[in-house]
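The values are calculated or read from the model by the stated rules, or taken from the named source; none is laboratory data. Just so you know, these numbers come straight off a predicted model, no measurement behind them. Cβ: placed from backbone, ideal geometry, glycine included. Neighbour counts: every protein chain shown. Accessible surface is based on the protein model in full, side chains and every heavy atom, while ligands, DNA and RNA are left aside. Shrake-Rupley method; radii C 1.70, N 1.55, O 1.52, S 1.80 Å.
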2 protein chains.
Amino acid sequence: MSKMIDFQTDPARYRHWRVEHDGPIANLYMDVDEDGGIFEGYKLKLNSYDLGVDIELADIVQRMRFEHPEVKVVVMRSGKERVFCAGANIRMLGGAEHGHKVNFCKFTNETRNGYEAAEEESGQKYICAIRGACAGGGYELALACNHIMLTDDSTSSVALPEVPLLAVLPGTGGLTRVTDKRRVRRDLADVFSSTEEGVRGKRARDWGLVDEVIPNSKFDTAVEERAREFAARSTKPDVEAGIKLTPLERSFDVSGVHYSLVDVAIDRAGRTATITLSGPAGEAPATMEEVVAQGAGFYLLRLARELDDAILHLRFNEPEIGIVTFCSQGDPAQVMAHEALLLSNDTHWLAREILAYWKRLLKRVDVTSRSLVGRVEHGSCFAGVLAELLFAADRSYMMEGEFEGDNRPPATVTLSAGNFGRYPMGNGLTRLETRFLGAPEKVEAARARIGEPLEAEDADAAGLVTFILDDIDWEDELRIFYEERASFSPDAMTGMEANLRFAGPETMETRIFGRLTAWQNWIFNRPNATGPKGALQRYGTGQRGEFDMRRV
Amino acid sequence: MSKMIDFQTDPARYRHWRVEHDGPIANLYMDVDEDGGIFEGYKLKLNSYDLGVDIELADIVQRMRFEHPEVKVVVMRSGKERVFCAGANIRMLGGAEHGHKVNFCKFTNETRNGYEAAEEESGQKYICAIRGACAGGGYELALACNHIMLTDDSTSSVALPEVPLLAVLPGTGGLTRVTDKRRVRRDLADVFSSTEEGVRGKRARDWGLVDEVIPNSKFDTAVEERAREFAARSTKPDVEAGIKLTPLERSFDVSGVHYSLVDVAIDRAGRTATITLSGPAGEAPATMEEVVAQGAGFYLLRLARELDDAILHLRFNEPEIGIVTFCSQGDPAQVMAHEALLLSNDTHWLAREILAYWKRLLKRVDVTSRSLVGRVEHGSCFAGVLAELLFAADRSYMMEGEFEGDNRPPATVTLSAGNFGRYPMGNGLTRLETRFLGAPEKVEAARARIGEPLEAEDADAAGLVTFILDDIDWEDELRIFYEERASFSPDAMTGMEANLRFAGPETMETRIFGRLTAWQNWIFNRPNATGPKGALQRYGTGQRGEFDMRRV
């Protein structure tokens, strides 16, 4: 195993970013420490980034929601002279294994999506103020902002030079956001994406690549004015103070990772991990004031943060674990009560934030390239938001009837109102709507059962689980399934799951994770990019890539 | 160069299929000649197919529309005992180069889409009558039919064994049609697609994999009944006789391919091909009766068939040609007149068929992995349906003003009503709607110019072309563009174009060519499938694939 990657950080440890708060406006400066790469062997020159830089950014975006709900506008700027951001570090990409490249792009995509989610879910708007060169992943950061301002001078430009320079794609949403978000005409997008030096000034605005182009002398004033204007027009409710996202309780050992509410048990021989979620220890708070007082200790927030960290840990640090199983143990009624408190107070900022976090977290589960299994055992608490994990899973197994020597309460699945709209997938549908695509009557039938703890036969009849098995079959069937699944080609699993999970409509988000990512992954495997003579590998050597010119 | 692949065939030459006509019902028998492989080195056992089998099938589907408009229902059957179709031939796939695999899948996908288009566009419905094993690409053929009937016996099953058996995907629409067309629940789709032996009988119907399961003894009667019933219920107008799709006039030489109306000039050093379309030689016929009398000689049908063949030829036989340029020469008013005749007679079966063929042909252009350039020169006839080629292109160049020594009529682009709905892309939008995504007012402004031959400035102002260039800049700008484009990595071009061309909504069709195909192409490049120890390569050796178990 290479160095373990840790997704936990906090402002005191940031090396690459700083945030200056000014009431409803936060100024976010990208100022990458050249020597602060997460791996050895490259320098993060020209505000280029690697995973470590992005882990800090993801932390900032998350804390902005929970710790700084007073912020209505975030202005993203460069802390360097003459350069905004040169994008992902090419030496790092050139040296990284295929799997790391793919995981890196997925995580950075999730963080970019987080910019857009901040405005959509909480009215926290990101502005990008570009002075200096803004290229590749740098422009993809800008594209994720909802307003782009560009200085009009000879060194300031936006560019997607990946194709001409590196023989790869702008794979962090770049191509998709250019056509689908910025609505740049496709032929102009073609010209832009094949022009190494990018586009400056008025042409950048005329083509729709930026929203405003401003003379250098007036730029700072204009950015500040625009930020104040957006803040004044914001419909985000005023909130005086946030809550603190305190460090997670967690420990790693040979058996896995252990959090306060989440346990990850790793079976290396079987190439599986079992994530067991604990139900709440006690009653739900009576009011949101109590939730605020509990802060990061509140059950559903603590659980989300721990599960989020566990998923990222498995993605990056446990590549040989092909199957992830979700289990739970606890009182489903208590899970329902905790979620109900949030659902019935969804005008309260913190209730909204916690629910929106679960939405983002469940989307992260959806795009996790491991076979996901739901296992509904006796004593489990798959209720409401936790039941979403069963619908995110590729398949699920549920215990039916009594099991010898097992005195736990019978396995149940309980739906809540939350399952019918609070946690939509990237395709814009709920997981139940996706599950019952083209059969809305089944969604309605499920809705009629909200609040009922459904035992195996009922859950099966409602189509909520894949297989129900009794004491006689349970162990054998699961053993055979796990053995067989673990023997399949991991690539075929990744491709199959990426196709089966997202039936129905596509959105910009699913297009980024589907079409764009899949093509990028293909290119990352092609000698023209990553072979010894490929453009990505040769970057910086002064030699251009040598290509096999056959079109595929 | 390997053996040239020819896409022209006719019933007298079929080796793998036979069609029995019975009035409004056609029985299509798949009866693959084991020894009739298009390449050496494999036998087409168990009704497995290769490109040669599919070229015949595509020919059948096309002739069914033009030569047999009386057919309302096509029943697809196997001509073999005990096996329906074993799918694409694995030995052929194992031995094929990456580029051939990808092109093969694209062509077979287009043919499968042609089944669905036949019902949607002309009310010609495909039924699949399955007796015997129907696996992989065999079941994907069934999925493309709009009604699937399965014999209920011990040897008849449907299966997608690609993932467990070959470590690749069911990439000819399989995964997408299972979830999006058949609406199979995603967890059941997961079980089905990872079960080598497939699903039989009642379970196949309960899961939605087939529409009917019928005891063997009653199967033939039931199929015949169903065919008659669908034919009787069909709203397809009665047509007595079709027209003959006579052989194309064409010749190949070192300079390219020469048809009666289409000329393909190949510049190998520059890695470009220029396709020049000729305008009509004379006036448009006055009536559809005259068009019927002209048959395959009618300008717009002849042009479509020649262009279709040229595109397929370039795809398969000219892999190093990275750029395809569309030019035209002729009278735009005559092109408009020919199209207008069809548009104003669109209740006439042949007018509908020719327009629908252009729709399919233009979609084929859209998914052609070459940089597509429109070049609007003086004397050209990019009007109506031909103007669609400019909107299908990745970019276009147009001559502005007088060019020294050039006495041809000035370059123009002319829009027709056809550009506003007759030839939608796979994403369901017109090319103009896709071009002006999110700016419907620009589509409306363009509509207001229907019928006007727009010279360069006007075409540019309307956003219909990318660059307009005068005599001074034309040659240099184009030379620089072609040289630069030809120097880029072909893989990066393929990925970029596949993303930029399809802005906006996605449909089952774009999902197949986007998400599914891109993942399949990635897998085709992975050692777990196609390396020396990969499952695809080892198939038939008795050894299973050996996998690198790291998940990506």
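Okay, here's what the table says:
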| read-out | value |
| --- | --- |
| Global geometry of the range B:207-363, whether rounded, prolate or oblate, following the gyration tensor of its Cα atoms and the 1.5 cut on a/c | oblate |
| Cα gyration tensor, the range B:139-180 - rounded (a/c under 1.5), prolate or oblate | oblate |
| Disulfide-incompatible cysteines by the Cβ rule (no partner under 4.7 Å) in chain B | B:C85, B:C105, B:C134, B:C327, B:C381 |
| Sequence-separation-based contact order of chain B, relative, with Cα cut under 8 Å and 6+ spacing, percent | 12 |
| 12 Å beta-carbon shell around B:H348, net charge (K/R +1, D/E -1) | -3 |
| Antiparallel bridges, percent of DSSP beta bridges restricted to the range A:2-136 (to nearest 5) | 30 |
| By accessible area with a 1.4 Å probe, ligands and nucleic acids excluded, highest first: order of A:E506, B:E484 | B:E484, A:E506 |
| Long-range HN-HN contacts of B:V75 with modeled amide H, under 5 Å | B:A26, B:N27, B:L28, B:I127 |
| GluC sites (Glu not before Pro) lying in DSSP loop within the range B:217-253, provided at most 16 other Cβ fall within 10 Å | B:E240, B:E249 |
| Antiparallel %, DSSP beta bridges [both residues in the protein assembly as shown], to 5 | 35 |
| Using a 7 Å Cα-to-Cβ projection, B:D470 label spacings across copies, nm, ascending | 8.9 |
| Within chain A, percent of DSSP bridges classed antiparallel, to nearest 5 | 30 |
| Rounded Å value of the spacing that divides the Cα centres of the range B:502-552 and the range B:153-200 | 15 |
| Separation between Cα centres of the range B:35-90 and the range A:86-133, rounded to whole Å | 47 |
| Other protein chain Cβ atoms within 10 Å, averaged over every residue that makes up A:22-32 | 0 |
| B/A buried area, accessible surface, summed, 1.4 Å probe, Å² | 8400 |
| Distances in nm from A:K43 to the matching label points in the other copies, shortest first (labels 7 Å along Cα to Cβ) | 6.6 |
| Loop-resident sites, the range B:1-91, for trypsin sites (Lys or Arg not before Pro), counting at most 13 other Cβ within 10 Å (DSSP) | B:K3, B:R82 |
| DSSP H segments from chain A that extend 24 Å or more along their own axis, Cα-based, with Kyte-Doolittle mean of -0.5 or above | A:299-317, A:349-366 |
| Percent accessible area from carbon and sulfur atoms, the range A:374-483, protein chains only, probe 1.4 Å | 47 |
| Distant-in-sequence amide H partners of A:M425 (H built 1.01 Å from N, under 5 Å) | A:T430, A:R431 |
| Separation between Cα centres of the range A:332-377 and the range A:210-227, rounded to whole Å | 40 |
| Rounded if a/c under 1.5, otherwise prolate or oblate - chain A, Cα gyration tensor axes | prolate |
| B:Q8 versus A:E289: modelled label distance in nm, points set 7 Å from Cα along the beta carbon direction | 8.6 |
| Cα-based Rg and Dmax for the range B:1-66, where Dmax is the largest Cα-Cα distance (Å) | 12.8, 45 |
| Per residue value of the accessible surface for chain A (all protein chains in place, 1.4 Å probe), Å² | 35 |
| Nearest-first distances (nm) between copies at A:K244, label 7 Å from Cα via Cβ | 9.0 |
| Distance (nanometres) between label positions extended 7 Å along Cα→Cβ at A:A296 and A:K218 | 4.4 |
| Rounded to the nearest 10 Å², the accessible area of A:E477 at probe 1.4 Å | 90 |
| Alpha carbon convex hull of the protein assembly as shown, projected area averaged over orientations, nm² | 42.8 |
| Drop in accessible area of at least 50 Å² in the complex versus isolated chain, residues of the range A:481-502, 1.4 Å probe | A:F488, A:S489, A:P490, A:D491, A:A492, A:T494, A:M496, A:N499, A:L500 |
| Computed helical MRE - 222 nm, chain A, DSSP H runs ≥ 4 contributing -39500 (n - 2.57), nearest 500 | -11500 deg cm²/dmol |
